[in-house]
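Everything on this sheet refers to the single structure shown next.
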């Protein structure tokens, strides 16, 4: 097919549910949260009411396809127990996924659609070129939001809650958003919840909810858990809970952080050392944090990061199903990260 530009992606996905011409989508780019969000939107549109049907949605990742290259084509040919569309979701797609696509391209019409996520993948990669050139495939690039995108997102999220925002508040809020679409949306949802029933978001509201202090505390918490410092991680976890940060938001932040580490690990597989991978990261990593991220890359292997990613997404699903246990589910998942990273430290 072709590369679907940002401006056309909404219309393209809207048509997706009613067509059988598309065999697979590749969602990729440097906005990790945006990649995941767009892939989730595609899955919702494809499955509709069947979204919660475990037989309609199959979850795979790069590591699974390394171990079993034929799994993808087998899943594509499987028939849903209750009929209807099926989605094969592939997370962190890379070379193993690209190789697994070869037999898939020989299939005739199928009710299954592949939705692959490749955060950090570049446009000139072999995988991106495959989805750009093949007739029944489509590539959807996702890059960090620019200033106009951020303004639209502010209006979209706050407007959905019946809120407007005054000029000073907007000017203070916009610079805090944009590097990661899901993180930006989560921050806006938190702000909307704080201002519920008021009608107007003020500058003081932005300072109360979206301050740099909370952002730094979240990052420090993740760094603690991912370097095996469970006690410090729990202290910061409790402080964030006391400030009103939802457990689900902390799980989402952890998933985004792990996804970024996976991108850096992939760069190391390409020949870079940890320092070089961190120095070349996009968006850039603040220079004072670079040694911490380098240390995390030394503690976490690619396979361990893949398992951590899956466990965090399972925890987020559990938190949605059991809202009353959200904080406990988040605490357990983050503590598990600390235990795994401590094990990596001993091995090192």
Quick one: in the range 194-205, which of the residues that are modelled with pLDDT of 90 or more and in a helix (DSSP H, G or I) is farthest from the chain's Cα centre (by Cα)?
205
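For (1) surrounded by fewer than 19 Cβ atoms within 10 Å (Cβ to Cβ); (2) farther than 23 Å from residue 317 by Cα, each residue gets a yes or a no:
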residue: 18; (1), (2): yes, yes
residue: 38; (1), (2): no, no
residue: 56; (1), (2): no, no
residue: 61; (1), (2): no, no
residue: 76; (1), (2): no, yes
residue: 98; (1), (2): no, yes
residue: 107; (1), (2): yes, yes
Residue that is surrounded by the fewest Cβ atoms within 10 Å (Cβ to Cβ) [pool: residues in the range 173-193 that are in contact with a helix residue (DSSP H, G or I) (Cβ under 8 Å, 6 or more places away or on another chain) and assigned to a loop (DSSP other than H, G, I, E, B)]
178
Looking at the range 217-240 only, could you name the residues that are at pLDDT below 85 and either more than 23 Å from residue 175 (Cα to Cα) or outside the structural domain of residue 333 (by TED's automatic domain parsing) (or both)?
239
Determine which single condition residue 265 fails, assuming it passes every other condition in (1) farther than 13 Å from residue 337 by Cβ; (2) outside any helix (DSSP H, G or I).
(2)
Whether any residue in the range 129-151 is more than 30 Å from residue 53 (Cα to Cα) and in contact with a strand residue (DSSP E or B) (Cβ under 6 Å, 6 or more places away or on another chain) is what I want to check.
yes
Quick one: in the range 276-293, of everything that is in a loop (DSSP other than H, G, I, E, B) and modelled with pLDDT of 85 or more, which residue is surrounded by the fewest Cβ atoms within 10 Å (Cβ to Cβ)?
280
Does any residue of the range 302-312 turn out to be crowded, with 18+ Cβ neighbours inside 10 Å, closer than 21 Å to residue 185 by Cβ and under 19 Å from the mean Cα position of the chain (by Cα)?
yes
Go through (1) closer than 27 Å to residue 281 by Cβ; (2) surrounded by fewer than 17 Cβ atoms within 10 Å (Cβ to Cβ); (3) outside the structural domain of residue 37 (by TED's automatic domain parsing) for residue 164 and report which single condition fails.
(1)
Pull up the range 78-96, narrow it to residues that are out of contact with any strand residue (DSSP E or B) (no Cβ under 9 Å at 6 or more places or on another chain) and surrounded by 14 or more Cβ atoms within 10 Å (Cβ to Cβ), then point me to the one that is farthest from residue 25 (Cα to Cα).
84
Where in the range 74-144 are there strands (runs of 3 or more DSSP E), lying fully within it, with 1 or more residues that are without any contact (Cβ under 8 Å) to a residue 60 or more places away in the chain?
86-91, 112-119
Kindly check whether there is at least one residue in the range 245-262 that is buried (at least 19 other Cβ atoms within 10 Å of the Cβ), in contact with a strand residue (DSSP E or B) (Cβ under 6 Å, 6 or more places away or on another chain) and assigned to a helix (DSSP H, G or I).
yes
Could you please find all residues in the range 152-172 being part of a helix (DSSP H, G or I) and under 13 Å from residue 195 (Cα atoms)?
157, 158, 159, 160, 169
Given 118, 112, 126, 96, which one is in the same structural domain as residue 60 (by TED's automatic domain parsing) and over 30 Å from residue 281 (Cα atoms)?
112
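The values are calculated or read from the model by the stated rules, or taken from the named source; none is laboratory data. It should be emphasised that the depicted structure is a prediction, and the values quoted were computed from it without experimental measurement. Cβ atoms come from the backbone with ideal geometry, glycine included; neighbour counts cover every protein chain shown.
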